[in-house]
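S.K.: Below are the structure tokens for one structure; questions will follow.
Quick note: the coordinates plus some simple rules give every number you see, no bench work behind them. What you are looking at is a predicted structure, and each value in this text was computed from that prediction instead of being measured.
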Amino acid sequence: MPGRPSASRRTVLRGAALTPVAGLALSACSGGGAGGGGPATPTAPVELGAESEIAKGGAKLYRDRNVVVSRADNGSLKAFSSICTHAGCAIDKLEGTTLTCPCHGSEFDATTGKVLHAPATVPLNELSVEARDGKIIAGPGA
Ligand code: FES
């Protein structure tokens with residue numbers, strides 16, 4: 001007679017022990033951005049620098065522009081806004097192709113824009129990018 005051995009084994013979730021962190025205000029993000037309203041990505045195409053600065057399989061973070069550009073192994077370029085999708089901080093750290101947000105530690109893949117580590121859940125905003133006369137030009141997508 002088939003029984004239900006697991007029926008008596010109830011899992012008690014004790015997630016309610018999480019306490020809200022009241023002191024975590026967004027003020028931590030108010031340090032950047034000179035133009036008021038916090039850091040922002042370019043609203044028009046901008047020249048970022050020499051195309052040769054980005055090796056295949058690598059990435060470069062242009063902090064003053066809030067843009068990260070990466071190059072795939074086949075040589076194609078990708079650009080993303082480096083404004084964190086969690087609460088809008090300017091990401092200031094790039095190690096290899098991993099971006100880390102200084103505010104709450106979200107991590108993103110600079111080659112895809114995807115979230116690698118919470119609390120962010122939304123990928124980075126992709127920008128259009130091209131190399132023109134050896135320079136990288138990136139801007140908001142159409
Ligand atoms: Fe919260 Fe980036 S703003 S992790």
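S.K.: If I stretch the segment between T121 and S52 completely, what's the gain in nm (0.36 nm per residue apart, minus their alpha carbon distance), one decimal?
M.R.: Numbers: separation 69, 0.36 × 69 = 24.84 nm, distance 3.21 nm.
The T121-S52 span can extend by a further 21.6 nm.
S.K.: I've got another one for you. With θ set to phi - 60° and the Karplus curve 6.51 cos²θ - 1.76 cosθ + 1.60, what are the ³J(HN,Hα) couplings of segment 91-97 in order, to the nearest whole Hz, using x for Gly and Pro?
M.R.: My calculation for segment 91-97 gives 6, 10, 9, 10, 10, x, 10 Hz in order.
S.K.: What is the Rg over Rh value, at two decimals, for segment 70-129, using alpha-carbon atoms and the Kirkwood definition of Rh?
M.R.: 0.96
S.K.: Give me the number: length gained by fully extending E130 to N74, i.e. 0.36 nm times residue separation minus the C-alpha to C-alpha distance, one decimal in nm.
M.R.: Difference between extended and current length: 18.7 nm.
S.K.: Next up: Residue by residue through segment 121-127, which ³J(HN,Hα) values in whole Hz follow from phi under the Karplus form 6.51 cos²θ - 1.76 cosθ + 1.60 (θ = phi - 60°), with glycine and proline marked x?
M.R.: After applying 6.51 cos²θ - 1.76 cosθ + 1.60, I find 10, 9, x, 5, 6, 7, 10 Hz.
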